[in-house]
């Protein structure tokens with residue numbers, strides 16, 4: 001079994017970070033997916049005094065996911081001016097980077113080639129390795145229209161770093177045609193999940209439920225339904241939540257966790 005090179009003490013510290021402020025509450029609060037105490041504000045929305053590259057890339061990934069929740073900003077009003085008239089979404093969701101460019105970063109050439117998220121807009125894979133200042137300038141331009149009030153220059157630099165250096169080849173882990181998981185060591189993933197993620201999700205992955213009257217949505221449910229999205233959240237964490245991320249350990253380790261949680265109960 002392939003094991004990641006991580007000391008036991010590092011695992012313990014990672015788990016403590018996730019649970020330090022107590023269990024997550026599933027109720028929604030204004031501009032947040034979950035409520036959290038004031039003591040967690042810095043971890044959820046702030047930045048370390050001397051951020052590592054891994055932290056920066058994960059923070060950029062959360063901005064890519066949902067910038068106003070990640071940064072504790074006002075939710076944008078109306079549909080993004082550049083969102084295609086032929087698209088099937090409207091309102092604030094159209095301001096999310098992932099809504100046009102996809103969780104696999106391939107836009108109309110990836111998972112979002114069809115279905116309710118189709119826009120015809122290309123992905124961002126061509127920006128891999130691009131100068132980060134150039135990426136930031138592009139996001140300030142009218143097509144994207146992100147003002148300094150929405151995302152500050154420092155925060156935009158994190159997003160630009162993610163676009164340039166934080167993307168992964170999702171096709172190595174998920175079949176982009178069938179959306180099935182195709183890689184990962186579930187035994188290794190089980191060890192990671194049980195010693196870190198389970199502090200909030202529970203050993204069976206059912207401590208948190210994002211479902212509704214139509215049925216539950218546990219971590220296992222989501223991993224099977226949208227593995228590319230879940231892979232992003234394993235690597236970068238979910239915006240606005242006291243959640244650890246595995247960015248520093250690389251996508252293969254995240255893929256192991258993904259392959260394991262897909263075996264957890266879906267109901």
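Throughout, read-outs are computed from the coordinates displayed, never taken from laboratory work. If you're wondering where the values come from, they're calculated on a predicted model, not measured in any experiment. Quick reminder, even Gly has a Cβ in these numbers, built from the backbone with ideal geometry, and neighbours come from all protein chains shown.
Worth pointing out:
- FRET E, pair residue 109, residue 207, Förster distance 45 Å, beta-carbon r, rounded to 0.05: 0.80
- Here each label is just a point 7 Å from Cα along the line to Cβ, and for residue 183 and residue 138 those points are 2.4 nm apart.
- Helix-derived mean residue ellipticity, 222 nm - over the chain, DSSP H n ≥ 4, -39500 (n - 2.57), to 500: -10500 deg cm²/dmol
- Spatial extent of the stretch 110-227: Rg and Dmax, with the Cα atoms as the point set, Å: 18.2, 47
- When only Cα pairs below 8 angstrom with a gap of at least 6 residues are kept, the chain shows a relative contact order of 24 percent.
- For the stretch 143-204, the Cα gyration tensor yields ellipsoid semi-axes of 33, 19, 11 Å (square root of five times each eigenvalue, largest first, whole Å).
- For the stretch 32-89 and the stretch 181-248, distance of Cα centres in Å: 19 Å
- Added length on full extension, which subtracts the Cα-Cα distance from 0.36 nm per residue, residue 54 to residue 128: 25.0 nm
- Over all projection directions, the Cα-based convex hull of the chain averages an area of 13.9 nm².
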